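The values are calculated or read from the model by the stated rules, or taken from the named source; none is laboratory data. This is a predicted model, so every value here is computed, not measured. All Cβ positions, even for glycine, are placed from backbone atoms using ideal geometry, and neighbour counts span all protein chains on display.
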Amino acid sequence: MAEVALLSHVLDRKDYRSVLSSLTGQLEQTVLTDVDLLQGLVQFLVPAPLGYVVDDDFVRILRVLRQRLKDTYKVLGDADYPASNHIYLLSTAISRVVDAMIESNVHGLSRVEDHQPLIDLLDEMKDSRDPFVKFQANYALQALQYVGNDESPLQAVLRFGGGVTKAALGIASVFKFDPDGLCDGLRELSQAAGQAYDVVKAGLEGVQALRAGGEGVMDSVLNGFRSGAKKAWYPALQGASILIREGRLADFERLVYEAPCRGESEFQWGVCQLLGEMAVDPLWFASSLQVFMFLEQMHQSDTVCPSIKDGILEILTIPTGLNFTTRFQAARVLKRVSSRRIEIPSSRPYPLVLRLPIPNEFPLLNKALKVQRLEFSLSQLRSLRLSQHKQTVYIPPHAKISLQDSDEEASPLMDQIEEFLESERQVFLIVGDSGSGKSTFNLHLEHILWKSYKQGDRRIPLYIHLPALQHPGSQLIDGQLLRYNFDSASIQEMKRDRQFIVICDGYDEARLAFNLHSSNSLNRPLSWDTKMIVSCRSTHLGREYHTRFQPQPSSPYEAPLPQLFQEAVVIPFSQEQIKDYVEQFLKTPEVHEQFGRKNMLWNTDEYLEMFKRIPNLIDLVKNPFLLTLALRALPDIAMNGGLGGAGLTARVETEPTIVAEMTRSRLFKSFVNQWLETNKRRLTTSIHSQGNVTTAETANSAASTLQDLIDEGFQEIALDFLQSLAGSIYKHQCGKPVVEYWHRKDLTTWKADFFGPEMDITMLRESSPLTKD
């Protein structure tokens, strides 16, 4: 709050008003009065730069202070001295706000809603047994006499009593607060106040009293002047405050001893308060001795009442928390003015603290600078990820709740993810066959989240391709952020204040067999706050796969946490989704460039017709990856097979069997070639990034082997191997092409789990007739 208070004179108007609104909002929301907040708000407001604060700001602040004071005073009442600190603090804050309103010439108070209720409350408090509270109530009451409202007594006088205009103008002239003519102005004010009763009575005689807030204008005016509502000591204190603000201590001393109201107790209390503020203000430390000597003179004066002398003693005890020189000077004066031991019931550092101390450290500024740097880095990451998103064809996938459910029970996967993000669950598992669109969905989800991200948002999306990460088991988030060049300070800042939507793609490709959520201690005290979304091929799951993904308790003796886990199984495309995909595919620029120049650009109906004619193809293209391969391969196959582009439909209708046999064989080869090309790129990316390779030696060996395969013809070698493997399977299975395999039943691979891949290869070569072939 001390840092915020320092900003009042350096912010531009827009930022100043934003901070002021924030401070006022905080005060409105706090249940109990926050002393530091109250002090900071008043210091930020008084004195405000010209034009920065409008009438509504003052009204809003004054209303919340009045209501808080009313509630507090209603509960605590007029306790014995000392009264509640909160009563004292709130009444003092109201006094300062009203002073600022007068200085800013505010006229926006409603007499019914603001002016009169506050006067009634202060009038109840002005007879308090606590002299400090009593002075603040009287001071605020006096200040309110000079704040205009929608039907103030002064306006009524000007409307109904023309004879008082000169006197009113004389009163108003005092509020220019010209220090040089202040004493003369105060005498004029006293005379005007004495004359006003007769003038007002004559001017309003016979006029029907107007009612405003239950009190007539006439009664209000007469009561105000009859009781001498406008006192000279209030503008005198205002002038004294200006003299101190301008450093004119000699003029200040003259005013104290020559003002016509110098004998009034309220004026003496106000002067003591001003001196007390000077005593604890670091800007006046050099003149602190002069301040204390002035207080000593007042204490020894016969014209100062005893209660004020007691107040002077309390003021002299305030500086005990300040520097040594100031404390020493105050102690010496205190010893001279009182030979007896002083027992002060309660010290009041407020309002004697004119301004909050200049902080030795600036944690708020440091945090703001860090946030600025962090938001800049996040903005760069957002721009990077949005620019890297090249997805041109996307059909929202549907998913069912589990592997056991029927496909008819599926719903949009994105809807399930949105529900998950708003729930208390922590891990969402996306299961699907190879090529079912898991990675495409993950990238699309990240893209959507980044597009909706606004500066300062708590949730940050983070897509992680698991095979490319070196230590996913312990540095899942840290490692990915380091790859994006975030420094350690920013990472710790995000770890403390942000939540990450972690989208982990390729659990199966990374060959992981442990629980990422538990191994990284996510969603635990002092760790990352996350929502984890992880995708995995269904073929990589064991029978009890849930333990690999469900959040686990910190102790093995605690019950599992299935309620924090959710899963979805991506289902194949429907006929309608296939059609939508084809239509989007045909609109992509790459397709027009590839097939348009060869005159092989088909329409949607031609593709759908071919899917129906080729046996079993319609079931294959329900897989998004295979659908993409088919869309790219079929025009080439048709052209190379002599079907041509324009005559495709006719040939399909007249020679369906020939077309089906010819295209099925060519389509299979095209599928395999494209599949091998895709996996060659995956292997290259995975090995060169050293994702889960444990040693540099193993990484180099894998990279060298891959390069040898590429040099000798990766696709030819792989195709030859696959054909040999397919033949061996067919022979070994006696013509049945389906292999039932469970690694726990195979001694060779079961031992390989314990002895490593080298042992696995040797034993397979020596003992397995299947892989030997």
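Below is a table of values for the structure above.
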item	result
Search result, residues across segment 248-264 that are assigned to a helix (DSSP H, G or I) and crowded, with 18+ Cβ neighbours inside 10 Å	ASP251, PHE252, LEU255, VAL256
Segment 241-278: number of residues that are of a type in the set (Ser, Thr, Tyr) and within 46 Å of the chain's Cα centre (by Cα)	1
Residue that is modelled with the highest pLDDT [pool: residues in segment 388-407 that are of a type in the set (S, T, N, Q) and over 30 Å from GLY542 (Cβ atoms)]	GLN388
Segment 313-338 residues that are over 18 Å from GLN273 (Cβ atoms), paired with ones that are modelled with pLDDT of 75 or more (beta carbon under 6 Å, 6 or more apart)	GLN329/PHE292
Some residue of segment 491-506 being assigned to a loop (DSSP other than H, G, I, E, B), surrounded by 13 or more Cβ atoms within 10 Å (Cβ to Cβ) and hydrophobic (A, V, I, L, M, F, W, C)	no
Answer residue from segment 550-591, given it is more than 30 Å from TYR607 (Cα to Cα) and among the hydrophobic types (A, V, I, L, M, F, W, C) and is surrounded by the most Cβ atoms within 10 Å (Cβ to Cβ) among those	ALA568
Filter pass, GLU424 being acidic (Asp, Glu) and either farther than 30 Å from LYS367 by Cα or more than 25 Å from the chain's Cα centre (by Cα) (or both)	no
Those residues of segment 525-542 which are surrounded by 12 or more Cβ atoms within 10 Å (Cβ to Cβ) and more than 24 Å from ARG458 (Cβ to Cβ), in sequence order	SER535, CYS536, ARG537, SER538, HIS540, LEU541, GLY542
Test result for TYR545, among the hydroxyl-bearing types (Ser, Thr, Tyr) and buried (at least 20 other Cβ atoms within 10 Å of the Cβ)	no
Hits in segment 521-549 (condition: in contact (Cβ under 8 Å) with a residue 24 or more places away in the chain and under 25 Å from the mean Cα position of the chain (by Cα))	LEU522, ASN523, ARG524, SER527, TRP528, ASP529, THR530, LYS531, MET532, ILE533
Scan of segment 389-404 for residues that are exposed (fewer than 12 other Cβ atoms within 10 Å of the Cβ) and within 30 Å of SER490 (Cα to Cα), ordered by number	LYS390
Qualifying residues in segment 458-483 (those that are exposed (fewer than 14 other Cβ atoms within 10 Å of the Cβ) and in a loop (DSSP other than H, G, I, E, B)) - the one modelled with the highest pLDDT	ARG458
Any hit, segment 115-125, residues being at pLDDT 85 or above, outside any loop (DSSP other than H, G, I, E, B) and under 25 Å from PRO357 (Cα atoms)	no
Given (1) at pLDDT 75 or above; (2) within 20 Å of LEU141 (Cα to Cα); (3) aliphatic (A, V, I, L, M), index of the condition LEU255 fails	(2)
GLY473 being closer than 30 Å to ALA630 by Cβ and among the small types (Gly, Ala, Ser)	no
Yes/no for PHE285 being surrounded by 13 or more Cβ atoms within 10 Å (Cβ to Cβ) and modelled with pLDDT of 75 or more	no
Hey, GLN499 of a type outside the set (Val, Ile, Thr), under 30 Å from ARG373 (Cα atoms) and either in contact with an Asp or Glu (Cβ under 6 Å, 6 or more places away or on another chain) or modelled with pLDDT under 95 (or both) or not	yes
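For every residue, the table says whether it meets (1) basic (Lys, Arg); (2) touching a Gly at 6+ places or on another chain (Cβ under 9 Å); (3) in a loop (DSSP other than H, G, I, E, B).
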{"position": "MET532", "(1), (2), (3)": "no, no, no"}
{"position": "SER535", "(1), (2), (3)": "no, yes, no"}
{"position": "ARG543", "(1), (2), (3)": "yes, no, yes"}
{"position": "THR547", "(1), (2), (3)": "no, no, no"}
{"position": "SER555", "(1), (2), (3)": "no, no, yes"}
{"position": "PRO560", "(1), (2), (3)": "no, no, yes"}
{"position": "VAL569", "(1), (2), (3)": "no, yes, no"}
